[in-house]
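Below: the structure, in structure tokens.
The values are calculated or read from the model by the stated rules, or taken from the named source; none is laboratory data. Everything numeric here is computed off the predicted structure, so don't read it as measured data. Backbone-built Cβ (ideal geometry, glycine too); neighbour counts: all protein chains shown.
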Amino acid sequence: LPEYAFIGRSNVGKSSLINMLTSRKSLAKTSGRPGKTQLINHFLINNNWHLVDLPGYGYARVSKSSKKVFQKFITQYFGSREQLVTAFVLVDIRHTPQPIDLEFMQWLGENGIPFSIIFTKADKLRPQAIEKHVDDYKNILLETWVEVPNYFITSSSKDIGKDDVLGYIDGLNENMNLEAN
Ligand code: GDP
């Protein structure tokens, strides 16, 4: 089955987003405490695709050696995923573009792994500020990329962006079925 991976810095709102997408509040555990999602979790959605919950990166209090372990882990995951269609990189809409996220996107690009960006916690900003933050992000990305990747604006607490993300995934799955037939 096709696989879609969700990844981002600790505390970015990944568990909440996964809960929103799967509409099952108890599925992925959320917490105010960063760094809680440690292992890779797979969720079967609609019996036709897998949502893969990857560990959060960039937790400030993590030692250098465990950062290495994390890198190896992530590299291994992405190196051996034939079913992976797209990775969703989550970024907090309130933050200015962070080097760790940009580096990670760069790494995905260099390794030929398609990705989209999911902006989280959009309820925390006014529409105008959202637009500005997204534009800032686009401008930084355009310094290294010829195109801006697909992106989604979401809020798990206000239930925003769910249909956009799920519709996008369904569209990709349908295209693959058409190609396979
Ligand atoms: P994870 O570590 O990336 O899995 O992040 P969590 O889903 O556990 O969320 C981290 C914190 O951000 C928690 O306190 C959540 O309640 C909060 N949070 C997550 N998503 C949203 C959102 O869309 N809006 C707001 N206002 N807070 C959110």
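For the stretch 93-124, how many residues are farther than 21 Å from Gly58 by Cβ and either aliphatic (A, V, I, L, M) or without any contact (Cβ under 8 Å) to a residue 12 or more places away in the chain (or both)?
Applying the first criterion (farther than 21 Å from Gly58 by Cβ) to the stretch 93-124 yields 112, 114, 123.
Retained after the next criterion (residues that are either aliphatic (A, V, I, L, M) or without any contact (Cβ under 8 Å) to a residue 12 or more places away in the chain (or both)): 112.
Residues meeting the conditions: 1.
Given Val85, Val146, which one is more than 16 Å from the ligand (Cβ to nearest atom) and part of a loop (DSSP other than H, G, I, E, B)? Going through Val85, Val146 in turn, just one is more than 16 Å from the ligand (Cβ to nearest atom) and part of a loop (DSSP other than H, G, I, E, B): Val146.
Filtering the stretch 88-126 to residues that are surrounded by 13 or more Cβ atoms within 10 Å (Cβ to Cβ) and assigned to a loop (DSSP other than H, G, I, E, B) leaves Ile93, Arg94, His95, Pro97, Gln98, Ile113, Pro114, Lys121, Leu125.
Would you say Gly167 is free of Cβ contacts under 8 Å to residues at least 12 places away in the same chain and among the small types (Gly, Ala, Ser)? So that I can check it myself, show each step before the final result.
Working: free of Cβ contacts under 8 Å to residues at least 12 places away in the same chain: yes; among the small types (Gly, Ala, Ser): yes.
For Gly167, the condition - free of Cβ contacts under 8 Å to residues at least 12 places away in the same chain and among the small types (Gly, Ala, Ser) - is met.
Whether any residue in the stretch 60-74 is closer than 29 Å to Val148 by Cβ, of a type in the set (S, T, N, Q), exposed (fewer than 14 other Cβ atoms within 10 Å of the Cβ) and modelled with pLDDT of 90 or more is what I want to check. No, every residue in the stretch 60-74 fails to be closer than 29 Å to Val148 by Cβ, of a type in the set (S, T, N, Q), exposed (fewer than 14 other Cβ atoms within 10 Å of the Cβ) and modelled with pLDDT of 90 or more.
Criterion first (out of contact with any Lys or Arg (no Cβ under 7 Å at 6 or more places or on another chain) and within 16 Å of the ligand (Cβ to nearest atom)) does Ile160 satisfy it? In short, yes.
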